[in-house]
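To start, the structure under review is shown below, and the notes come after it.
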Amino acid sequence: MTASTPVSRSKKLTTPEQHVLPSLHVAGRTALVTGAGSGLGRCIALALAEAGADVAMTELSNRIENAQAVAASIRSMGRKAFTVKLDVTSVKSIQRAVARVLEQFSRIDILVNNAGINIPKQALEVTEEDWDRVLDVNLKGVFFCAQAVGREMVRRRSGKIINIASQNGVVGYHDRAAYCSSKAGVVNLTRVLALEWAPHQINVNAVAPTFVLTPLTEKMFANPAFSREIHRRIPLGRLAKPEDVAGAVVFLASPAADLITGHTLLVDGGWTAI
Ligand SMILES: NC(=O)c1ccc[n+]([C@@H]2O[C@H](COP(=O)([O-])OP(=O)(O)OC[C@H]3O[C@@H](n4cnc5c(N)ncnc54)[C@H](O)[C@@H]3O)[C@@H](O)[C@H]2O)c1
């Protein structure tokens, strides 16, 4: 029997040393994380570095020191890190920041659109200014960051974009008319970009966390009644930790998720399963 007979081929396919587990590592890739100086963005940047990526991080100019502290931790892990000032509500600021990252890293393999805000108010109290601010940061910012980085990814025919949405983009929650609308927009924007850029081998997905204790939610959780209600409504009985969200982001950025696009991965402890 020769080495090319069907029997020897099937033996080869079942050899125990064959590797079938796709990589969850992103070694040699470069990532850009917006709003990386605190909360989820900080943890996502550190997790991507731990998974092997060099990481560029953005922050508002008055908080850039926070991103610089994260960059120092990433450098101590042996990865490259770079910080740049960015206000995602300004398209000019986005273009400048992306150009500076490309000067440093020459390409962006992974974009995490994390920067976001919330102005919790009852619907009857929401002002035009509140509405515009939340939509500008959470939805317009995500779109124009994706567009600026997407141009470079389309040229290279490769890239992963991960938008941080929220479970509140999939279900409603009181006092969050603008926030829920912005995050629902992010969920559907994710589908549109996934479809438009699939021919260029770019994956666009979203991660939608339940409540996480971060500077964004600290004040809310200082209210014991709010805290009790949220814990009661999460079937797994606890808030998300930043690490829970970072794990989902690293998965979507990794080769293990190469065929996933247009998807919103809920990290919600079962909230939306009810
Ligand atoms: N904490 C939660 O419970 C929760 C739940 C679901 C989704 N999220 C989402 O996760 C993301 C991160 O939130 P977080 O909880 O870490 O909050 P956070 O306030 O700790 O972090 C938000 C970051 O965005 C930055 N930012 C704010 N406005 C900006 C702007 N105009 N331009 C650039 N950067 C800006 C802030 O400086 C900050 O670093 C947000 O998109 C948020 O909506 C949070």
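The values are calculated or read from the model by the stated rules, or taken from the named source; none is laboratory data. This structure is a prediction, so every number in the text was calculated from the model and none was measured. Every residue, glycine as well, gets a Cβ built from its backbone with ideal geometry; the counts of neighbours run over all protein chains shown. To get the accessible areas, we keep the full protein, side chains included, count just its heavy atoms, and leave off ligands, DNA and RNA. Shrake-Rupley method; radii C 1.70, N 1.55, O 1.52, S 1.80 Å.
List of remarks:
- For the stretch 140-274, diffusion coefficient by Stokes-Einstein and Kirkwood Rh (Cα), 4 °C, 1.567 mPa s, µm²/s: 83
- Charge dipole magnitude, Cβ of K and R +1, D and E -1 - the chain, Cα centre, debye nearest 20: 760
- Zero-based 10 Å bins, Cα pair distances in the chain, whole percents: 7, 28, 34, 18, 7, 3, 1, 0, 0
- Value of [θ]222 nm, deg cm²/dmol, for the chain, DSSP H segments ≥ 4, -39500 (n - 2.57) each, nearest 500: -13500 deg cm²/dmol
- Heavy-atom accessible surface of the stretch 62-199: percent carbon and sulfur, 1.4 Å: 50
- Over 25 Å between alpha carbons, listed pairs Lys80/Lys140; Lys121/Lys160; Lys85/Lys121; Lys80/Lys160; Lys80/Lys183: Lys80/Lys140; Lys121/Lys160; Lys85/Lys121; Lys80/Lys183
- Solvent exposure of the stretch 69-115, expressed per residue, is 48 Å² of accessible area, with all protein chains present and a 1.4 angstrom probe.
- Once the 1.4 Å probe is applied to the protein heavy atoms, the stretch 224-274 comes out at 52 Å² accessible per residue.
- Using R0 = 35 Å, the C-beta based FRET efficiency linking Leu259 and Leu213 works out to 0.55.
- Long-range Cα-Cα pairs in the stretch 178-258 (distance over 14 Å), rounded percent: 72
- To the nearest 10, the accessible area of Ile119 is 60 Å² with a 1.4 Å probe.
- Using a Förster distance of 45 Å, the FRET efficiency for His174-Val154 (Cβ separation, nearest 0.05): 0.65
- Just checking the listed ones, Ala56, Ala123, Ala177: in the Gaussian network model of the chain with Cα springs under 10 Å, the one fluctuating most is Ala123.
- Just so you know, the Cα atoms of the stretch 153-192 work out to an Rg and Dmax of 13.1, 43 Å.
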